[in-house]
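Working notes for the structure below.
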Amino acid sequence: MAKATAKKRNKDKKKRLFQLEELLLEKKDLEFVIGQEDLFASNIQFKHDEVLPGERAYIVTNNVVHTTPLYQKQLIHLRYIHSLRIVNNLEEGRLVKEVPVAKIVRSKAGIYFVVDRERITQSYHQRKQHNQLPGIISEEMSRNY
């Protein structure tokens, strides 16, 4: 009888540890895909931990997030986002721009994706050092992040 109750207790026990496969993130989980019509660029106007007023950010309002199922599905991985993939529209999904993200700030107004200007600068200087054609470098200079 003691064996039967021990088996029942083990069966009723909740899982104590996650499997490695459950914890791994996929590449798509590290990117936040958003339509360019749903966000706008601005400088941050408030003080927040690790973010200074005046930093560059892309902002999507809470109204847009809550009315778009794709954005709601991506919220679970928000803290792991490394880049913001801006597409022309959600139906077509053609990539317009990929922007590295330094920090994500949620507020009552919406989600602020703070641009990682250091990574952009490093990428620019690496391309410049590899003796790319002058046209490509000038194209990079005129790119809007």
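What's the ranking of 21-33, 53-65 by average number of surrounding C-beta atoms within 10 Å, highest first?
Highest to lowest by the protection proxy: 53-65, 21-33.
Tell me whether segment 27-117 comes out rounded, prolate or oblate; compute the Cα gyration tensor, take square roots of the eigenvalues as a ≥ b ≥ c, and use a/c under 1.5 as the rounded threshold.
It comes out prolate by the Cα gyration axes.
So if I take the centroid of the Cα atoms in segment 16-41 and the same for segment 98-118, what is the distance between those two points in Å?
Between the Cα centre of segment 16-41 and that of segment 98-118, the gap is 14 Å.
Laboratory data are not the source of any read-out in this text; all were calculated from the coordinates shown. Source: prediction; values computed, not measured. Please note: Cβ atoms are built from the backbone with ideal geometry, for glycine as well, and neighbour counts cover all protein chains shown.
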